[in-house]
Amino acid sequence: MKVLRAGFSQKLDPTISKFVSSAKDDEALIEVDIKGSLAHAKMLHACGLIEKETLDEIIHGLGKVHEFYQNNGSVLEDELEDVHMNVETRLKEIIGGHADHLHTARSRNDQVALDLRLYVLSQANALIEAVSKLMQSIGNCAKKHDQVLIPGYTHMQRAQPVHLSHSLLAFYEMLARDISRLEETIKRAGVSPLGACALAGTSLPIDPKMTTKELGLDATFNNSIDAVLDRDFVMDIHYACTTIAVHLSQMAETLITWMTAEFNFVSLPDNLTTASSLMPQKKNPDGIELVRSKCGLALGELVSVVTILKGLPQGYNRDLQDTKPGVERITEVMLQAVAVMEITFANLKVNEESLAEAVADSGLYATDLLEMLVKKGVPFRQAHSMVSELAKGAGAKGKALDQYSLEEYQSVCPQIDENVYKCFVAKDSVAAKCSPGSTGTKKVAEALAKALA
Ligand code: ARG
């Protein structure tokens, strides 16, 4: 405690001490804090601010501190406020007076900003890896069922038949954008704030670019005041997590719907479903239901961090401490949720029989009929109203759109010929789609090959 409170006549009130400590939340930062200190010490020596012997002692001591925390787990002390003072205090216990040089030209303000940046970088990279694996799992699932057709929906109403693989590759695209957001996050997080000190820089001859290089970061801060307050990268990772959460939630909801008895398109094996404590027949998709709920958590954390940041005056403010736990919580939760989704797609069972029945619904082909007329030169709006009339008439007569006789079709639309019945063949409907990015059989095959390349 002496390290921090030199010059104070009283011990910090225990209620305040516990309240202001970030020790518990800082446990995830021990590793990066030590990494930052090593780089800082090397720079201090290179700039002639500490002796070689001191540097060697610090390197050796930080190695021991690292070992200590690896072997002892959660032992950061509240009384020492945070990871920075815990590591420094422990270092002093091991190497004595040499440790007193480590905080030269450094403040906890630039130190914590660095630690959080390094943590965000490592979590963002872990998320990219996890999301890439999920994309692979979705691609494999699409490949496995590449000839299966499914009704596509708009407004949750049956719309047009599509390849199941096209539907799955839509999820793949969403995740590709999530990766690009994580990459953007990495770009902005990879700026070293070390050397900004408390807020004003220092009169000591330091070289911040050297620590940047040593840490493998891309850039160094431009303005010392900005460097200690900037938590844009925290908002970035939260937003990236929130969009992942939105996407996973939409995937989960789609699958949950498809799993209902009403749809019966897909199912999950027993090892991925949970039982009801009361109803013996139930197999519930609790895993992906909880993936769906994580969106609420992600958005909550995003709103929370933006709200903390919005009213802060320039420079470091202790409020910034409260931006740390949310990042830790949400990145860990999202890593788990992405993994759950990955095994879900890897184990998804597709009920081909039930899907074949669903795509036999002739209403799904009304648009194919319409396009056939357009190809024959009927203006789109006229073709649309003719097919609407046929569809409505079929409904009123209690028959399907493909059950008219040729004469009946022609009484509404004289341009229709005997090829009309070909419109209602599912395979032909999707094979005929030729526009870029469509569910056309060839287009989907190309997209799939690209996804799996
Ligand atoms: N525990 C603080 C945090 O997490 C570290 C920086 C404290 N700086 C200070 N001047 N009190 O943000």
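The values are calculated or read from the model by the stated rules, or taken from the named source; none is laboratory data. Fair warning: this is a prediction, and the values are worked out from it, not measured in the lab. Note: ideal-geometry Cβ built from the backbone for every residue, glycine included; neighbour counts use all protein chains shown.
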task = Could you please find all residues in the stretch 298-320 being over 23 Å from residue 108 (Cβ atoms) and either within 16 Å of the ligand (Cβ to nearest atom) or crowded, with 19+ Cβ neighbours inside 10 Å (or both)?
result = 298, 301, 302
query = Where residues in the stretch 321-355 are among the basic types (Lys, Arg) and in contact (Cβ under 8 Å) with a residue 60 or more places away in the chain, which of them is farthest from the ligand (Cβ to nearest atom)?
reply = 349
ask   = Mind checking whether some residue in the stretch 365-380 is within 30 Å of residue 140 (Cβ to Cβ), at pLDDT 95 or above, within 37 Å of the chain's Cα centre (by Cα) and not aromatic (Phe, Trp, Tyr)?
value = no
Test: residue 43 is touching a residue at least 60 places away in the same chain (Cβ under 8 Å), away from the ligand (no atom under 12 Å from the Cβ) and surrounded by 20 or more Cβ atoms within 10 Å (Cβ to Cβ) = yes
request  = Mind listing whichever residues of the stretch 71-86 are assigned to a helix (DSSP H, G or I) and in contact with a Ser or Thr (Cβ under 7 Å, 6 or more places away or on another chain)?
outcome  = 78, 79, 80
query = Considering the stretch 6-23 alone, what residues qualify as being surrounded by fewer than 12 Cβ atoms within 10 Å (Cβ to Cβ) and farther than 25 Å from residue 57 by Cα?
reply = 7, 8, 9, 10, 11, 13, 14, 15, 16, 19
ask   = Of all residues in the stretch 119-158 being loosely packed, with under 15 Cβ neighbours inside 10 Å and in a loop (DSSP other than H, G, I, E, B), which is nearest to the ligand (Cβ to nearest atom)?
value = 156
message = Out of everything in the stretch 274-312 that is among the small types (Gly, Ala, Ser) and in a helix (DSSP H, G or I), what residue ends up being nearest to residue 344 (Cα to Cα)?
response = 287
key: Which numbered condition residue 116 misses (of (1) buried (at least 18 other Cβ atoms within 10 Å of the Cβ); (2) free of Cβ contacts under 8 Å to residues at least 40 places away in the same chain)   = (2)
message = Whether any residue in the stretch 404-411 is buried (at least 20 other Cβ atoms within 10 Å of the Cβ) and not basic (Lys, Arg) is what I want to check.
response = yes
key: Residue satisfying condition, being within 15 Å of the ligand (Cβ to nearest atom), surrounded by fewer than 19 Cβ atoms within 10 Å (Cβ to Cβ) and modelled with pLDDT of 95 or more, within set 27, 31   = 27
inquiry  = From the list 80, 55, 91, 62, exactly one residue is hydrophobic (A, V, I, L, M, F, W, C), within 16 Å of the ligand (Cβ to nearest atom) and in contact with a helix residue (DSSP H, G or I) (Cβ under 7 Å, 6 or more places away or on another chain). Which is it?
reply    = 80
task = Would you confirm whether any residue within the stretch 376-394 is among the aliphatic types (A, V, I, L, M), exposed (fewer than 13 other Cβ atoms within 10 Å of the Cβ) and not in a loop (DSSP other than H, G, I, E, B)?
result = no
key: Tally, over the stretch 196-222, of residues that are touching a residue at least 24 places away in the same chain (Cβ under 8 Å) and either within 16 Å of the ligand (Cβ to nearest atom) or polar (S, T, N, Q) (or both)   = 8
ask   = Out of 22, 74, which single residue is within 16 Å of the ligand (Cβ to nearest atom), under 40 Å from the mean Cα position of the chain (by Cα) and hydroxyl-bearing (Ser, Thr, Tyr)?
value = 22
